[in-house]
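Asker: Just dropping this structure here.
The values are calculated or read from the model by the stated rules, or taken from the named source; none is laboratory data. All values derive from a computational prediction rather than experimental measurement. For neighbour counting, all protein chains shown are included, and Cβ atoms are generated from backbone atoms with ideal geometry for every residue, glycine included.
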Amino acid sequence: MGRNIHFEIFRYNPQDTASIPRMQTYFLEETINMTLFIALTRLREEQDPSLVFDFCCRAGICGSCAMVINGRPGLACQTQIKNMPGHISLHPLPVFKIIGDLSVDTGVWFREMYRKTESWIHTRAEVDPTLEEARMDNAVAEEIYELERCIECGCCIAACGTANLRPDFMGAAALNRIARFMIDPRDERSEREYFDIIGTDFGIFGCMGLLACEDVCPKQLPLQDQLGFLRRKMGFAALRQIFKTSRPA
């Protein structure tokens, strides 16, 4: 027999006026290679069909099953029960709008993030589909790919002290997205245009540097490096602008 795992799970249905946020207790026997996703699925199928949580790929790719696991944001499908204590508490990710129980709406937040960061290649070049694609140095392509591995799970936002205090803060996911375009040679935006997007307290200068975002990232993205890169770039951009405007006519 495996351990009898004690679960304390947050329950709340915002669409039900009679629903009150509460913690509900469940018990489940641990089985071999059980993940938190498998445990939640069993709880829903065997004990409580009203339990709400999100899932899709079960392979750490879609980011749907992100939640706060014993106080730390993570993916349920990547969390092995054998590595957890016998008491597990589960909460929905903060910052995002709650749908019900452990399910939150990350889609609206990320759609707004794409709008704010203008998340597309800005170029004046006309595309000719009959021509070969423009070649790119392998090192640059790999650097871009490294940042493109973000699965938009929302863990970095949920763990961010600034994002929890200020809903207008762009967060590591958005800043990582900007860094991806800044190193892309196809994007023709100027330093000033990037500064207008993230050179404020809502952007890179609002980051407190606690780096919880990198600590909880399930894809282990180099967020610390990117935040440092952006802070230096935007800091120098601000200085150049100050000295430019302070010069006598």
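Conditions (1) aromatic (F, W, Y); (2) in a loop (DSSP other than H, G, I, E, B), marked per residue:
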{"residue": "A163", "(1), (2)": "no, no"}
{"residue": "L175", "(1), (2)": "no, no"}
{"residue": "R189", "(1), (2)": "no, yes"}
{"residue": "R192", "(1), (2)": "no, no"}
{"residue": "D196", "(1), (2)": "no, no"}
{"residue": "T200", "(1), (2)": "no, yes"}
{"residue": "D215", "(1), (2)": "no, no"}
{"residue": "R232", "(1), (2)": "no, no"}
{"residue": "F236", "(1), (2)": "yes, no"}
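Asker: So which residues in the range 113-140 are small (G, A, S) and either surrounded by 13 or more Cβ atoms within 10 Å (Cβ to Cβ) or in contact with a Pro (Cβ under 9 Å, 6 or more places away or on another chain) (or both), if there are any at all?
Answerer: Selection gives S119, A134.
Asker: From the list L28, L93, which one is modelled with pLDDT of 95 or more, surrounded by 19 or more Cβ atoms within 10 Å (Cβ to Cβ) and assigned to a loop (DSSP other than H, G, I, E, B)?
Answerer: So the residue among L28, L93 that is modelled with pLDDT of 95 or more, surrounded by 19 or more Cβ atoms within 10 Å (Cβ to Cβ) and assigned to a loop (DSSP other than H, G, I, E, B) is L93.
Asker: Could you list all residues from the range 167-192 that are of a type in the set (A, V, I, L, M), without any contact (Cβ under 8 Å) to a residue 60 or more places away in the chain and either under 13 Å from C156 (Cα atoms) or not assigned by TED's automatic domain parsing to the domain that holds E214 (or both)?
Answerer: Correct list: M170, A172, L175.
Asker: From C207, C155, C217, C150, grab the single residue that is in contact with a Pro (Cβ under 7 Å, 6 or more places away or on another chain) and surrounded by 17 or more Cβ atoms within 10 Å (Cβ to Cβ).
Answerer: The match here is C155.
Asker: Here's a follow-up. Hey, among D201, D225, which residue is acidic (D, E), closer than 21 Å to E152 by Cβ and outside the structural domain of L93 (by TED's automatic domain parsing)?
Answerer: D225
Asker: State the number of residues belonging to the range 9-25 that are of a type outside the set (V, I, T) and either loosely packed, with under 10 Cβ neighbours inside 10 Å or in a loop (DSSP other than H, G, I, E, B) (or both).
Answerer: Here the count works out to 9.
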